[in-house]
Each structure stands twice: as structure tokens, then as C-alpha cells.
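The values are calculated or read from the model by the stated rules, or taken from the named source; none is laboratory data. In this text, all values refer to a predicted model and were calculated from it rather than measured experimentally. Here Cβ is always computed from backbone atoms with ideal geometry, including for glycine, and neighbour counts include all displayed protein chains. These accessible areas exclude ligands, DNA and RNA; they are computed on the full protein's heavy atoms, side chains included. Shrake-Rupley method; radii C 1.70, N 1.55, O 1.52, S 1.80 Å.
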Amino acid sequence: MNAVKKKRNYRKEYDNYHGRPDQIKRRDSRNAARNALKKRGVPVKGKDVAHRNGNPRDNRPSNLKVVSKTKNRSYARTKTAGKVNRSS
């Protein structure tokens, strides 16, 4: 079976998702969380800053943790993008 790889349309992705005001606010909040941990001296290079409750707008220090990129991006997500993590 020959799989034809389609070219990604980055402009369409931006228009439909990344450029939406609500997504811009979430991205801004994720960046703020990362910068807050860096300012406190937490080593974040090469890692992701994870929100324990899955809400990127909740930047309380108790809700943030530094994990590997693989670990953070492996959580199953609900329709509302909340993390489903029964182990921690």
C-alpha cells in the first residue's frame, strides 16, 4: 500500500486553531508558567512545564511541575483537553 504524505497547510492550521483568541490566551499562559518557573530557578531546559489539572490558565505554583516532553505529551485528553491521569 502506497501512503501519500500530504503537505501540511500551516496557514490553515493557524487560522483555524493557533490564531484563535482563546488559544492565544492559553499559549500565553503556558509561556508565563514556564517563565515563572525559570525565574524561581527551576531548570526547565529540554523539559515541559505541566499543569497538574490540565488547565493551562491555572498557574498556581502548586499546579505546576516540570516533566519530560514525552511524559507530558503522552497523557490521554478529554474532549475539553483536560488530562486523564489516574496515577498522579
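Quick notes
- When residues in region 1-22 are screened for being farther than 17 Å from Pro56 by Cβ and aromatic (Phe, Trp, Tyr), 2 of them pass.
- Qualifying positions in region 38-69 - open to solvent by less than 50 Å² (accessible area, probe 1.4 Å) and part of a loop (DSSP other than H, G, I, E, B): Val42, Val44, Gly54, Pro56, Asp58
- Condition met for Arg8 (assigned to a loop (DSSP other than H, G, I, E, B), at pLDDT 90 or above and exposed (fewer than 10 other Cβ atoms within 10 Å of the Cβ)): yes
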